[in-house]
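Take a look at the structure set out below.
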Amino acid sequence: MRTLQSIALVSLLLLALPGAYAQQDAEKSTGYVFTDQIRLKTTPVKNQYRSGTCWSYGGLSFLESELLNSGKGTYDFSEAFVIRNVYARKAEQYVRWQGNINFGGGGAFHDVMEVLTHDGMVPEQVYSGLTTDDEHFVHGEMDNNFAAYVKAVTENKNGRLSPVWKQGFDGLLDAYLGVVPENFIYDGRSYTPKTFAESLGFNPDDYLELGSYTHHPFYEKFILEIPDNWMLHAMYNVPLDEMMEIIDRSLAQGHTVAWGADISEKGFSWSNGLAVVPDEDKTDLSGTEKEKWEKLTPTERKKMLYSFDEPVKEKTITQQMRQKAFDNYSTTDDHAMEIVGNATDQNGNKYYIVKNSWGADGHIYNGYLYASESFVRYKTVDVMVHKNVIPQPIRQKMGI
């Protein structure tokens, strides 16, 4: 009888062990658990696919969010309309600069506002920019042909510019992106691109771009030296802590933030929906934690820090650190996105909720990611915000 009881007890223990191990594994693989604090309304995530036009997607997403959160309706604007008009401007500027300025598919948030102000806007359903059977943009050939064309124009052997070079470039734009309609019907009304823009009740002059750099005076306007600032547009310069204050205040007041950032860091993981800046030094460890850390090889340490299995200690980012990264080209103008809210992880650490333009299907956060406060402090290239979210003392220093 005792033997049978023992066998039964062992059997029960064996049955229980897998559950115990599973519970331990679950505890180990908790990962990042986020609690959203602010999450503003946005339009659906789009997919820029194989194009270098994140600035158009991010800028228009920001514009759509501003209209949505101000009660002016839900819109889906045409990225191709903006891209086409910007390329036409780039071509003219490239030729005027005799080929000595950047020309390519990249751009900036102010490019979107420039088009809205001078060319108008059209809905996506009116102008998709797809002239082939591709479902999304595939712009490699287009970009190369545009660049080759303007280069040929500037290197002409005739001693003067051809009087029809702009017509030729317009023909390329028509072929690759389609002819823009002069008039179109939207929600039962007839519009031109300019009258449609006017109907939105949106004032581009209400929006400012900001950066934070020590090689220019704070509170003054400056031209940020990045290749995609082909327009040589000037933005305002503020200290890092004040830039972060402006981002937080914008979200708190119901405005999203257009966010230009560098995503070349190892801590940016799209598959994990995370952007973090792990502290590879970990100088403040103590006790057994410190002993374990010191026994790890450099390779093992990095593997642990960048496994994205759980929140890790991150670097404390200073003004000097971000400036050094910019000066050394380790912070570059890689990508344009939209900050739509903030959140905390299970340890109380702060993150920003970021809407991307790489599609939503199959993604862990359906096209969004969580960027830590350290990452945003470190890797922000520039932001665009409504001027009213800037605290009055800072606005006074900026002279606005």
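The values are calculated or read from the model by the stated rules, or taken from the named source; none is laboratory data. Model, not experiment: these values are computed from the prediction. Don't worry about glycine lacking a Cβ; one is built from the backbone with ideal geometry, like all the others, and counts go over all protein chains shown.
Details
- For the stretch 367-400, residues that are hydroxyl-bearing (Ser, Thr, Tyr), under 24 Å from Thr214 (Cβ atoms) and in a strand (DSSP E or B) total 2.
- Scan the stretch 20-41 for residues that are among the polar types (S, T, N, Q) and either modelled with pLDDT under 50 or not in a strand (DSSP E or B) (or both) and the total you get is 4.
- Qualifying residues in the stretch 346-373 (those that are charged (D, E, K, R) and in contact (Cβ under 8 Å) with a residue 12 or more places away in the chain) - the one farthest from Pro278 (Cα to Cα): Lys355
- Test: residue in the stretch 273-295 that is at pLDDT 95 or above, loosely packed, with under 15 Cβ neighbours inside 10 Å and not in a loop (DSSP other than H, G, I, E, B): no
Residue-by-condition table, conditions (1) surrounded by fewer than 22 Cβ atoms within 10 Å (Cβ to Cβ); (2) of a type outside the set (D, E, K, R); (3) over 28 Å from Ala343 (Cβ atoms):
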site: Ser61; (1), (2), (3): no, yes, no
site: Ser65; (1), (2), (3): no, yes, no
site: Ser70; (1), (2), (3): yes, yes, no
site: Glu79; (1), (2), (3): no, no, no
site: Val82; (1), (2), (3): no, yes, yes
site: Ala88; (1), (2), (3): yes, yes, yes
site: Gln93; (1), (2), (3): yes, yes, yes
site: Val112; (1), (2), (3): no, yes, no
site: Gln125; (1), (2), (3): yes, yes, yes
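- Thr131 vs. criteria β-branched (Val, Ile, Thr) and part of a loop (DSSP other than H, G, I, E, B): yes
- Of all residue pairs spaced 6 or more apart or on separate chains, those with beta-carbon atoms under 7 Å, a first member in the stretch 145-162 that is free of Cβ contacts under 8 Å to residues at least 12 places away in the same chain and hydroxyl-bearing (Ser, Thr, Tyr) and a second member that is surrounded by 11 or more Cβ atoms within 10 Å (Cβ to Cβ) and assigned to a loop (DSSP other than H, G, I, E, B) are Ser162/Asn156.
- Of the residues examined, Val122 is not one that is within 26 Å of Trp165 (Cα to Cα) and either aliphatic (A, V, I, L, M) or touching a residue at least 12 places away in the same chain (Cβ under 8 Å) (or both).
- Residue count, the stretch 173-194 (criterion: surrounded by 13 or more Cβ atoms within 10 Å (Cβ to Cβ), among the hydroxyl-bearing types (Ser, Thr, Tyr) and outside any loop (DSSP other than H, G, I, E, B)): 3
- Residue within the stretch 144-158 that is hydroxyl-bearing (Ser, Thr, Tyr), modelled with pLDDT of 95 or more and within 30 Å of Ser70 (Cα to Cα) present: no
- For the stretch 319-363, residues that are under 21 Å from His136 (Cβ atoms), over 12 Å from the mean Cα position of the chain (by Cα) and hydrophobic (A, V, I, L, M, F, W, C) total 1.
- Taking the stretch 145-172 as the range and being exposed (fewer than 12 other Cβ atoms within 10 Å of the Cβ) and assigned to a helix (DSSP H, G or I) as the test, the residues that pass are Ala148, Gln167.
- Residue among Gly140, Gly129 that is modelled with pLDDT of 95 or more and at negative phi: Gly140
- Among the candidates Ala197, Ala261, residue that is over 30 Å from Asp36 (Cα atoms), crowded, with 17+ Cβ neighbours inside 10 Å and of a type in the set (Gly, Ala, Ser): Ala197
- Exactly one residue among Gly129, Gly140 is touching a helix residue (DSSP H, G or I) at 6+ places or on another chain (Cβ under 8 Å) and touching a residue at least 12 places away in the same chain (Cβ under 8 Å), and that residue is Gly129.
- Residues that are touching a residue at least 60 places away in the same chain (Cβ under 8 Å) and more than 15 Å from the chain's Cα centre (by Cα), drawn from the stretch 374-397: Ser374, His386, Lys387, Asn388, Val389, Ile390, Pro391, Ile394, Lys397
- Of residues in the stretch 343-400 being more than 19 Å from Leu251 (Cα to Cα) and of a type in the set (A, V, I, L, M, F, W, C), the one surrounded by the most Cβ atoms within 10 Å (Cβ to Cβ): Met398
- Selected residue [surrounded by 15 or more Cβ atoms within 10 Å (Cβ to Cβ), assigned to a loop (DSSP other than H, G, I, E, B), modelled with pLDDT of 95 or more and in contact with a strand residue (DSSP E or B) (Cβ under 8 Å, 6 or more places away or on another chain)] from Tyr236, Tyr219: Tyr219
- Inside the stretch 360-400, residues that are of a type outside the set (A, V, I, L, M, F, W, C) and touching a Pro at 6+ places or on another chain (Cβ under 8 Å) make up a count of 0.
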